[in-house]
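Single-structure report; data block below.
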Amino acid sequence: MEHNTNNSEPPFEETYKNLFLKHNIISLPLITTPTTNTIKVHDLPLIDLGQLVAGTAKEREQCKIAIAEASREWGFFQVVNHGISRHILEEMTKEQVKVFREPFNKKKEDNCMNSRLSPGSYRWGSPTPNCLTQLSWSEAFHIPMTDICNTGSTNIGNCNPQVSNLCSTVKQFANIVFELSNNLANILAEKLGHDELTFIENKCLSTTSYLRMNRYPPCPKYSQVLGLMPHTDSDFLTILYQDQVGGLQIIKDGKWISVRPNPEALIVNIGDLFQAWSNGVYKSVVHRVVANPRVERFSIAYFLCPSRDGVIQSIKEPSIYRKFSFGEYRQQVQQDVEEFGHKIGLSRFLISN
């Protein structure tokens, strides 16, 4: 059956029909994914960043220590009083919902962004899943910040109003989140004894980072499909703003736990590059998103990244990981996903290998 391209939903069922038949789940009754019922819900460590601005010297130091400890123990934490206004977050959500409501064929061709994004910015599902655990029931716009940061106000004014609002809102949001991620990264570098507090700034620019708008459609028929398959992030830091639907799960002490949404907080997690640079002190933790049978979920992730030729080298000896560039890392990840259906990640760059 041909997919109706005027519909905003990606053609999951038509595209992956053979995969569902292979696993004999085409006629399963409506049930939630097993992971949602068997995994305990936890709160991530909560850190008040207001102490960095208004706190005493002791409170500022305690806040920095809490950030470093959470990055060692959890690889994830949440922050409040982060400096991003509720208005900006609500505007981002509004613009995000509008762009995902565009017809599928327009999203696929990036026409809903007036062709202002790089080819391939819109992504959905999984390219070549071999099993259900490799299938992601989600769609996203993966936006290089060069697409936004290099868009001058004159060009934005020439867009239609919908595109203009999206461009300007994303740019405003990204500028503030870049400053936040920079501050957190420099604190983490400081707590490892790194003297140069502008270390991350010298590696990561606003133009080398990425923003990803995510939507997880309801998945009513399949009990073994994830919204996003298990993975680690291939960056220094990720800042996540999510709605209150829930679904994010992380590995803690060898077990999956569900993260309880906090409407006031942003979620921060360590990426592969920070784990490699810290020589394994800070943890890039495997996480995933479970599918919801009835309710769609939205989130926005900002990835603090260096340029492709930016070199990552552990700060301490003996080093666990060999030196590599960000471009080399991304290329290896892409090759592994194409060959094996999933990312292998940092283990590829262990010196012991």
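Quick notes
- Hits in the stretch 129-152 (condition: assigned to a loop (DSSP other than H, G, I, E, B) and modelled with pLDDT of 80 or more): 129, 130, 131, 135, 137, 138
- The number of residues in the stretch 223-237 that are in a loop (DSSP other than H, G, I, E, B), crowded, with 22+ Cβ neighbours inside 10 Å and over 10 Å from the mean Cα position of the chain (by Cα) comes to 2.
- Matching residues, the stretch 318-353, being in contact with a Pro (Cβ under 7 Å, 6 or more places away or on another chain) and within 13 Å of residue 234 (Cα to Cα): 326
- Restricting the stretch 158-169 to residues that are under 12 Å from residue 94 (Cβ atoms) and at pLDDT 60 or above leaves a set whose member that is farthest from the chain's Cα centre (by Cα) is 165.
- The condition of being of a type in the set (Lys, Arg) and closer than 22 Å to residue 274 by Cβ holds for only one of 64, 58, that being 64.
- From 38, 32, residue being surrounded by 13 or more Cβ atoms within 10 Å (Cβ to Cβ), at pLDDT below 95 and either touching a Gly at 6+ places or on another chain (Cβ under 9 Å) or among the hydroxyl-bearing types (Ser, Thr, Tyr) (or both): 32
- The residues in the stretch 294-353 that are among the acidic types (Asp, Glu) and either in contact with a Gly (Cβ under 6 Å, 6 or more places away or on another chain) or closer than 18 Å to residue 204 by Cβ (or both) can be counted, and the count is 2.
- When 344, 312, 351, 320 are checked against the criterion of being out of contact with any Phe, Trp or Tyr (no Cβ under 7 Å at 6 or more places or on another chain), free of Cβ contacts under 8 Å to residues at least 40 places away in the same chain and on the phi < 0 side of the Ramachandran plot, 344 stands alone in meeting it.
- Residues (under 18 Å from the mean Cα position of the chain (by Cα), assigned to a loop (DSSP other than H, G, I, E, B) and surrounded by fewer than 19 Cβ atoms within 10 Å (Cβ to Cβ)) located in the stretch 265-306: 285, 286, 296
- Only one of the numbered conditions (1) assigned to a helix (DSSP H, G or I); (2) touching a helix residue (DSSP H, G or I) at 6+ places or on another chain (Cβ under 7 Å); (3) not β-branched (Val, Ile, Thr) is violated by residue 342, and that is (1).
- Within the stretch 65-83, the set of residues being farther than 23 Å from residue 232 by Cα and surrounded by fewer than 19 Cβ atoms within 10 Å (Cβ to Cβ) comprises 65, 80, 81, 83.
- Hits in the stretch 240-273 (condition: β-branched (Val, Ile, Thr) and within 15 Å of residue 80 (Cα to Cα)): 267, 268
- Residue 95 vs. criteria modelled with pLDDT of 95 or more, out of contact with any strand residue (DSSP E or B) (no Cβ under 7 Å at 6 or more places or on another chain) and surrounded by 13 or more Cβ atoms within 10 Å (Cβ to Cβ): no
The values are calculated or read from the model by the stated rules, or taken from the named source; none is laboratory data. These figures come from a predicted structure and were not determined experimentally. Backbone-built Cβ (ideal geometry, glycine too); neighbour counts: all protein chains shown.
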